[in-house]
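Everything below concerns the one structure shown next.
The values are calculated or read from the model by the stated rules, or taken from the named source; none is laboratory data. Since we're looking at a predicted model, the values are computed, not measured. Note that each Cβ is placed from the backbone with ideal geometry, even for glycine, and that neighbours are counted across all protein chains shown.
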Amino acid sequence: LEARLEQANLLKKVVDAIKDLVQDCNFDCNDSGIALQAMDNSHVALVSMMLKAESFSPFRCDRNIALGINLSSLMKVLRCAQNEDILTLKADDAPDVVNLVFESSESDRLSEYDIKLMDIDQEHLGIPETEYSATISMPAAEFQRICRDLIALSESVAIEATKEGVKFSCSGDIGNGAVTLRSHTNVEKPELNVDIALSEPVALTFSLKYLVNFCKASGLSGTVKLCLSSEVPLLVEYTLASNSYLRFYLAPKIGD
Amino acid sequence: EGTQANITQFFGGS
């Protein structure tokens, strides 16, 4: 494997966003790119990352390899990179280590680190293609704010999408709270658009602590996409350049 | 508030 990223910052932000949710992960490398899939310890949330080969320049992976990496170790090393550094990941065919090289585009500094790999026996889940009842695109910062505000009141949020809009509501010991967003197009600031595509109304309840955790990815993309269907996990997607993505799935709370 | 479901109830092994 040899994969060169123009900005180390991308990998730094991705790992920073998921490191509190999942600890030891396989980075599955093949000629289409670098993928990661991992559940949190409680098996309530699933992280699915895909960094497509096109996100790297150049990208070369001659043989499929799984790099088992502890994310807190990876984060320690990534913190040694300047955000603007060029990052090259390298690994042999049957690697014991992954090699990270940081190059400054402005100076002649070149830093090199190896991280020891681990054998991780990780269950790989098949995620079915789903036609979601509701797909909501909204500013990532807005979603983060709603989750942070509501967790002050309650552990859970009900997300209800209807043709009127999408309503995030919660109730807790001190009282209730709700935020409703309607479809909204801002010609001058399209990054503030809220788009709700609905095939049928849907209402589901989710644990807010996971959603707040997912929102650590807000710095990766201006927009977040929420996809909901009855009785299936919520998909929270941050789209990255070159069709790469960071997706989180969250199992709903069911009952009553 | 309902019971927290598990991801593996929805996504099978592959």
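Across the range A:240-256, the number of residues qualifying as facing chain B (nearest Cβ under 8 Å), touching a strand residue (DSSP E or B) at 6+ places or on another chain (Cβ under 6 Å) and among the charged types (D, E, K, R) comes to 1. Suppose we keep only residues that are aliphatic (A, V, I, L, M) and assigned to a loop (DSSP other than H, G, I, E, B) within the range A:153-211. Which one would you say is nearest to A:Val22 (Cα to Cα)? Ranking the candidates gives A:Leu153 first. Tell me, yes or no, whether the range A:134-143 has at least one residue that is of a type in the set (Val, Ile, Thr) and part of a loop (DSSP other than H, G, I, E, B). There is no residue in the range A:134-143 that is of a type in the set (Val, Ile, Thr) and part of a loop (DSSP other than H, G, I, E, B). Each residue in the range A:126-150 was checked for being crowded, with 19+ Cβ neighbours inside 10 Å and either among the aliphatic types (A, V, I, L, M) or at pLDDT below 95 (or both), and 6 of them qualify.
Within the range A:41-94, the set of residues being within 14 Å of another protein chain (Cβ to nearest Cβ), without any contact (Cβ under 8 Å) to a residue 60 or more places away in the chain and closer than 18 Å to A:Val15 by Cβ comprises just one member, A:Asn41. Restricting attention to the range A:220-256 and to residues that are farther than 19 Å from A:Leu36 by Cα and β-branched (Val, Ile, Thr), the residue that is surrounded by the fewest Cβ atoms within 10 Å (Cβ to Cβ) turns out to be A:Ile254. For the range A:22-40, does any single residue satisfy the condition of being under 12 Å from the mean Cα position of the chain (by Cα), assigned to a loop (DSSP other than H, G, I, E, B) and not basic (Lys, Arg)? Scanning the range A:22-40 turns up at least one residue that is under 12 Å from the mean Cα position of the chain (by Cα), assigned to a loop (DSSP other than H, G, I, E, B) and not basic (Lys, Arg).
The set of residues from the range A:44-79 being among the aliphatic types (A, V, I, L, M) and farther than 30 Å from A:Glu231 by Cβ comprises A:Leu51, A:Ala53, A:Ile65, A:Ala66, A:Leu67, A:Ile69, A:Leu71, A:Leu74, A:Met75, A:Val77, A:Leu78. Selection of first residues in the range A:139-164 that are farther than 25 Å from A:Ser221 by Cβ and of second residues that are part of a loop (DSSP other than H, G, I, E, B) and modelled with pLDDT of 95 or more, restricted to Cβ pairs under 6 Å at least 6 apart or on distinct chains, gives the following pairs, ordered by first then second residue: A:Leu153/A:Gly172; A:Ser154/A:Gly172; A:Thr162/A:Pro201. Tallying residues that are of a type in the set (A, V, I, L, M) and under 25 Å from A:Ala45 (Cβ atoms) within the range A:99-133 yields 6. Residue-level check: of (1) of a type in the set (S, T, N, Q); (2) free of Cβ contacts under 8 Å to residues at least 24 places away in the same chain; (3) within 14 Å of chain B (Cβ to nearest Cβ), A:Ser229 misses just (2). Within chain B, residues that are under 11 Å from A:Val44 (Cβ atoms) and in a helix (DSSP H, G or I) reach partners that are at pLDDT 95 or above and among the small types (Gly, Ala, Ser) with beta carbons closer than 9 Å, at six or more positions or on different chains, in the pairs B:Ile7/A:Ala45; B:Ile7/A:Ala251; B:Thr8/A:Ala251; B:Gln9/A:Ala251.
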